[in-house]
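Worksheet: one structure, shown below.
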Protein chains: 2
Amino acid sequence: MTKAYKGREIRLKSRPQGEPTRANFELTEVSLPEPAEGQLLVRNHFMSVDPYMRGRMNDAKSYVPPFQLGQALDGGAVGEVLRSRSPDFKEGDFVVGNGGWREYNVGDAKGYAKVDPKLAPLQAYLGVLGMPGHTAYVGLLDIGKPVKGETVFVSAAAGAVGGLVGQIARLKGCRVVGSAGSDEKVKHLREKLGFDEAFNYKSGPTAEALERTCPEGIDIYFDNVGGEQLEAAIGKMNNFGRIALCGAISQYNATTPPPGPRNLFLAVSRRLTLRGFIVSDHRDQFPTFLRDMSGWLREGKVSLEETVVDGIEQAPEAFIGLLRGQNTGKMVVRLASSPT
Amino acid sequence: MTKAYKGREIRLKSRPQGEPTRANFELTEVSLPEPAEGQLLVRNHFMSVDPYMRGRMNDAKSYVPPFQLGQALDGGAVGEVLRSRSPDFKEGDFVVGNGGWREYNVGDAKGYAKVDPKLAPLQAYLGVLGMPGHTAYVGLLDIGKPVKGETVFVSAAAGAVGGLVGQIARLKGCRVVGSAGSDEKVKHLREKLGFDEAFNYKSGPTAEALERTCPEGIDIYFDNVGGEQLEAAIGKMNNFGRIALCGAISQYNATTPPPGPRNLFLAVSRRLTLRGFIVSDHRDQFPTFLRDMSGWLREGKVSLEETVVDGIEQAPEAFIGLLRGQNTGKMVVRLASSPT
């Protein structure tokens, strides 16, 4: 008789109004079923918290269905195969998939991919070598189309995506300017990630900071935040500039829609392109991304930045903290069952 | 001794604050100089008034320099060569160039192109076969990239550009919806220009009208107006929709910037592209445009719509009326000296 596993998971207890609170979440212990044919039982070592999850907590139609009340949340997680009923995986394989917000997951093998723990620490597959890394890569290269010597501005630059956007842009020969929400993060961008300029957007109007840090204007703006920073960036864009619309974290908790950029009309006279994108539309590019990014990582050209929180019971706090900008680099939760 | 010509011209007397008034303009008579080597003397038959001219009346940097106080305005005009000091033109040629807001113009031959009065009435070269026609063609085909069966929404659809956007979109097999500012214009769009649906944007919220007229959503929005209609269109865009940002006539007279679209964040989840463009960047495409559009015109697939005002002294009123939406189709001024 095989061992029966019990594990904890986080469920959505109620839908957040505005900023999420601990009370919106519920921790429960469940008994894991035996994997059926084609399924895996995975012990998660790390789970991801990501800004896009806030949208799924609302009961609204979007590109991913909303989370259901009373059910476990899900999201990226990386772990170890305990049992496999798929010919493609064996016990002991390390895998990444969508079984997050729980300590163990039983799920279809099709939703998992193997990862190489010798190439990078496991949690890197939730960040630099995972969805956030791929997002930075696609948004900067495909939407932004950087040309050597151009100026790239990225907001939330100390976040999982923003930090990589800046580092890739530097590799492409661009001048890179980033904004972040604390002086420590600004220092980190300048000293650790090689940004040419960085500023704390809470210290004053972004328009003034861009005036100072982008004297030759902005050619590419990678927008993670929307709101005031988007408007300020539009005001400083050069002709034929590109804006990759990746997210709008400044607005995710908004209960009434904030005003849009008052200067959007400048897009006509300056021939700007604003393009929204979702990384999952670009899956065909994932192997190329993984090859490039793991190369850069190995050569030390890109650094792995992370903020680690311990224990599944802390996952709601990690998520709430993420929306408040309490992370530098990728925010992950190390699960209690993890042996690392 | 050659005859000396005298003619009237309109000068910018003061910069408009908000909506322009007659007092911002000044009518003066001038003696025309003899054309120098490489120049032409042209008698204008028709001059154009266009929304983009409002921006040039402000003292602001843009893609064209501002008009200068105390000097004649300029803009598109079509006329007849009276004297040529260029080997490329001869007396009696009909030409289009930038010598508008005056009855006669002396200007460089390089700024003129010959037109064929047998192919279409002269004033067509200021509309369907000129800059507005080229704008509709480039914006719809290059930016919008219409696919048969898609829904195209165009605002200011009874204007010079909008009416052509709708007609070209129909030729490309699209379902076409237009907005305009009066019930007469709406009737005109449906009955004369073949729009599938049209609505009067002054009769109620645009969002409701789009809900009714675009049940399957919008794939391409050709934006001539900005403001409320842009926000409403974003709200109804389908995934991977394209928005050609051509103008924002609802805002040209604004003295404080109106709020931008509060739902721009939808561009991310719906993967929208918003792209501003200026027709003069696409000059290399002009011959292709002219071939296509004159073919459609000849075959009766596109109709020539115009509102004609008589006399250069009426040009300011024509322009002010244009900004108020008093035209259907291209607004032109027939000049007093015209023999037609």
query: Modelled label-to-label distance, residue A:145 and residue B:30, 7 Å Cα→beta-carbon offset: nm?
result: 4.1
query: Counting only the backbone N, which residues of the range B:294-329 are under 18 Å from the spot 7 Å out from the Cα of residue B:60 toward its beta-carbon?
result: B:323-324
task: Counting residues in the protein assembly as shown as N, plug N into 2.2 N^0.38 Å and put the Cα Rg over that result.
output: 1.14
task: Mind grabbing the base-10 log of I(q)/I(0) for chain A at q = 0.07 Å⁻¹? Debye formula, identical points on the C-alpha positions, no solvent, two decimal places.
output: -0.29
- request: Just report the Cα centroid separation between the range A:277-307 and the range A:56-106, whole Å.
  value: 21
GNM result for chain B, Cα springs below 10 Å: residue of B:137, B:221, B:63 fluctuating most strongly: B:63
Cα-centred dipole magnitude for the protein assembly as shown, charges only on beta-carbon of K, R (+1) and D, E (-1), debye, nearest 20: 340
- request: Under a cut-off of 23 Å between alpha-carbon atoms, report the lysines in cross-link reach of residue A:13, not counting same-chain residues fewer than 8 places apart.
  value: A:61
- request: Please calculate how many Å² of accessible area the range A:132-280 carries per residue, with a 1.4 Å probe and no DNA, RNA or ligand atoms counted.
  value: 36
query: Can you give the accessible area buried between chains B and A, summed over both chains, with a 1.4 Å probe, in Å² to the nearest 100?
result: 2200
- prompt: Hey, what did chain A get for relative contact order, percent, Cα under 8 Å, at least 6 apart?
  reply: 18
- prompt: What full-extension length gain, to one decimal in nm, is calculated for residue B:182 and residue B:116 as 0.36 nm per residue of separation minus the Cα-Cα distance?
  reply: 20.3 nm
- prompt: Taking the Cα centre of the range A:132-280 as the origin and placing charges on Cβ (Lys, Arg +1; Asp, Glu -1), which of A:207, A:233, A:173 is farthest toward the positive end of the dipole?
  reply: A:173
message: I'm a student and want to see the number: the projected area of the Cα convex hull of the range A:132-280, averaged over all directions, in nm².
response: 8.2
query: With +1 on each Lys and Arg Cβ and -1 on each Asp and Glu Cβ, how big is the dipole of chain B about its Cα centre, in debye rounded to the nearest 20?
result: 300
message: Treating the point 7 Å from Cα along Cα-beta-carbon as the label, what are the nm separations from residue A:65 to the other copies, to one decimal?
response: 6.2
query: Helix B:227-236 versus the longest principal axis of chain B: what angle, 0 to 90°, nearest 10, using Cα atoms?
result: 40
query: When the accessible area of each residue in the range B:259-273 is compared between its chain alone and the complete protein assembly (1.4 Å probe; ligands, DNA and RNA ignored), which residues differ by at least 10 Å², being lower in the assembly?
result: B:259, B:260, B:261, B:262, B:264, B:265, B:267, B:268, B:269, B:271, B:272, B:273
task: Could you check how much of the accessible area of the protein assembly as shown is carbon and sulfur, as a whole percent, using a 1.4 Å probe?
output: 49
message: With angles folded into 0 to 90 degrees, how steeply does helix B:286-298 sit against the dominant principal axis of chain B? Use alpha carbons for both and round to 10.
response: 80
- prompt: For the protein assembly as shown, what is the percent of antiparallel DSSP beta bridges, rounded to the nearest 5?
  reply: 55
query: Under a straight-distance cross-link criterion of Cα-Cα below 16 Å, which lysines are reachable from residue A:202, leaving out those fewer than 8 residues away in the same chain?
result: A:185, A:187
statement: Charge dipole of the range A:89-163 built from unit charges on the beta carbon (Lys, Arg +1; Asp, Glu -1), centred at mean Cα; most positive-end Cα among A:152, A:98, A:112 is A:152
- prompt: Summing -39500 (n - 2.57) over the DSSP H runs of n ≥ 4 in chain B and dividing by its residue number, what mean residue ellipticity at 222 nm do you reach, to the nearest 500 deg cm²/dmol?
  reply: -6500 deg cm²/dmol
field: Estimated FRET transfer efficiency when R0 is 51 angstrom, pair residue B:98-residue A:86 (beta carbons, to 0.05)
entry: 0.15
- prompt: Taking only C-alpha pairs under 8 Å that are 6+ residues apart, what is the relative contact order of the range A:16-123 in percent?
  reply: 31
query: Where along chain A is the Cβ that lies nearest the axis linking it to chain B, and how many Å separate them?
result: A:260, 1
Local electrostatic count at residue B:118 - Lys and Arg +1, Asp and Glu -1, tallied over other residues with Cβ under 15 Å: -1
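The values are calculated or read from the model by the stated rules, or taken from the named source; none is laboratory data. If you're wondering where the values come from, they're calculated on a predicted model, not measured in any experiment. Every residue, glycine among them, receives a Cβ derived from its backbone with ideal geometry; neighbour counts consider all protein chains shown. Areas reflect the complete protein model, heavy atoms only, side chains present, ligands, DNA and RNA absent. Shrake-Rupley method; radii C 1.70, N 1.55, O 1.52, S 1.80 Å.
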